[in-house]
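Let me begin by presenting the structure, written as structure tokens, before commenting on it.
The values are calculated or read from the model by the stated rules, or taken from the named source; none is laboratory data. Because the structure is a prediction, the values reported are computed rather than measured. Counting neighbours? That spans all protein chains shown, and the Cβs are built from the backbone with ideal geometry, glycine included. These accessible areas exclude ligands, DNA and RNA; they are computed on the full protein's heavy atoms, side chains included. Shrake-Rupley method; radii C 1.70, N 1.55, O 1.52, S 1.80 Å.
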Amino acid sequence: MTNRYLYITLLAILGINTEALAQETGPKNAPRLVVSITIDQLRTDYLEAFAPLYSEGGLKRLLREGMVFSNVSYPFAPVDRASAIAAIATGTTPYYNSIVGNRWLNRETLRPMGCVDDSKYTGMLTAETASPSSISASTLGDELKVATGGKALVYAVAPYRDAAVLSAGHAADCALWIDDIYGEWCSSIYYLQNVPAWLQSYNDLHSLNKKIGDIVWEPFSEATGSFNFFLQTENEKPFKHKFSGYQRFGSYKQSALVNAEVTEMAQQCISANGMGSDRVTDLLCVTYYAGTFGHQSMTDCQMELQDTYVRLDQELSNLVSYTSRTMGAENVLYVITSTGYSEIESADYERFRIPTGTLNINRTANLMNMYLGAIWGQDNYVETVFRNQIFLNHKLLETKKISIGEATGRAQEIIAMMSGVRNVYTSLQLLTSQSPQTEKIRNAFNPQRCGDIIIEAAPGWKILNEDTQESEMSVASFTQFPIIIFGAGTHAERVQTPVTTDRIAPTIARAIRIRAPNACSSEPLF
């Protein structure tokens, strides 16, 4: 009996020691560092068009040696940079994570607000305020912090404030972006109370403010300056751009050169903080830019766009080479994808007799107000408009004892008959519908952030706000982009099966043996 108790006691001690060791060292074979890379506006057609100009260590290597999912989409529409990055980080759609776009209308103030605006948290080395408080679900970085008791390091590096904060999440050590006014790498006091010595030193030595006057953007090489891979046009002359004036840093952040700044800061984050140096998995979120220069149309900056992809290839090669040298290729997992949209180019459809037109959102709201007034008495039933959304006056409807469902149903009837309207959705319809036809629209909807009426314009039509003169073109075309998973023992494979980006977070979570974000219900990719 005594030996039996002794045996049980020894097993208990061994079990406790094993558990403690597992907590200290982390899961066996899990990568030491996960690098999640989101490339803003990356497109497969451009990725393939410029392939002859790539080096062997960048995109060619990732596509050759990585697991490549080539048929990828977002499970909601429309998509922009903020909603895309939030979806990747949380593993779910705006319906659950609340990030419906870069901006939305604040229902309390009836004014547009940015997705990471937060006056409670002032900027650090910037005048911009920021926090991730608008994200209503946990992110991959949050879950990694929880799983490791705060031991894991989580950093996000991006040219833009929204991309950095949304990819970092609530529990990250820091989110870093380039300030538009001073050109320094900055953050928010949400993450840090004081400027770290390594960040201050980096800004002192490498701040954009110190060198931007001498920077000239020219073709990366003779090859990129001599050839044009857009076959529908003749070869253009090489470009040459300098950055000056009040908007110089904002303009720089819309150029191919900003990706080199991002790579250098990512490397600085890794080295200064010892990321990937122990068995506790760390997470680094990186955002690169692959859009057009200065938001121009592709036709106006073909050579610049070509150079952007060539320089992006170089920066990916630099980052992969750096991590391989410092911690070994088998210890780093890379996951690369796109924000899945491209900025809509203005087109002169009318000149070529293609169906087009303008839907004036303010005039539409006024007509709707008159129609509801004819039914229930003249009053201000419409509170305001924002983009393609109409917000009703809930207090007035409550006073008149009119249900939201009845009011939006009546509004839907009158708007559906207007020219240029393809579909009209009500908030109640999107909250209750399970129809496959409305699934993507429903996934992009959030009752706290969106209007009571959502108007979808016909393809080729634009919605114009007459007061602000803001307009957006309706385009239903699909932007193809990949998901590339590389490193940490990943085998080369091409996967044609259609997949969605909300499966990235659970895939990484499974690879590092942690729980997926709390609003994520999608399956891992493999």
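Worth pointing out:
Yes/no matrix, rows are residues, columns are (1) modelled with pLDDT of 90 or more; (2) under 20 Å from Val335 (Cα atoms):
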| position | (1), (2) |
| --- | --- |
| Met1 | no, no |
| Pro31 | yes, yes |
| Glu48 | yes, yes |
| Arg64 | yes, yes |
| Val72 | yes, yes |
| Thr92 | yes, yes |
| Tyr95 | yes, no |
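- A count restricted to region 53-67 and to residues that are open to solvent by less than 20 Å² (accessible area, probe 1.4 Å), within 11 Å of Ile485 (Cα to Cα) and assigned to a helix (DSSP H, G or I) stands at 1.
- Some residue of region 498-519 being acidic (Asp, Glu) and open to solvent by less than 30 Å² (accessible area, probe 1.4 Å): yes
- Total residues in region 475-512 satisfying the condition of being in a helix (DSSP H, G or I) and in contact (Cβ under 8 Å) with a residue 40 or more places away in the chain: the figure is 10.
- For region 79-111, filtered to residues that are part of a loop (DSSP other than H, G, I, E, B) and open to solvent by 50 Å² or more (accessible area, probe 1.4 Å), the residue that is farthest from Glu383 (Cα to Cα) is Asn102.
- Being surrounded by 15 or more Cβ atoms within 10 Å (Cβ to Cβ) and without any contact (Cβ under 8 Å) to a residue 40 or more places away in the chain is a condition met by no residue of region 411-422.
- Pairs meeting the criteria (first residue in region 212-227 and more than 20 Å from Ala49 (Cβ to Cβ) and open to solvent by less than 50 Å² (accessible area, probe 1.4 Å), second residue part of a loop (DSSP other than H, G, I, E, B) and of a type in the set (A, V, I, L, M), beta carbons under 9 Å, at least 6 apart or on different chains) are Ile215/Leu257; Trp217/Ala256; Trp217/Leu257.
- Qualifying residue in region 331-349 (condition: open to solvent by less than 30 Å² (accessible area, probe 1.4 Å), assigned to a helix (DSSP H, G or I), touching a helix residue (DSSP H, G or I) at 6+ places or on another chain (Cβ under 7 Å) and not β-branched (Val, Ile, Thr)): no
- Single residue of region 479-497 satisfying the filter (touching a Ser or Thr at 6+ places or on another chain (Cβ under 7 Å) and surrounded by fewer than 13 Cβ atoms within 10 Å (Cβ to Cβ)) that is nearest to Asn366 (Cα to Cα): Gln496
- Pairing residues of region 116-139 that are over 17 Å from Trp104 (Cβ atoms) and of a type in the set (Lys, Arg) with residues that are open to solvent by less than 10 Å² (accessible area, probe 1.4 Å) and assigned to a loop (DSSP other than H, G, I, E, B), at Cβ distances under 8 Å and at least 6 apart in sequence or on separate chains, gives Lys120/Ser131.
- Only one of Ile441, Ile455 that is open to solvent by 30 Å² or more (accessible area, probe 1.4 Å) and of a type in the set (Val, Ile, Thr): Ile441
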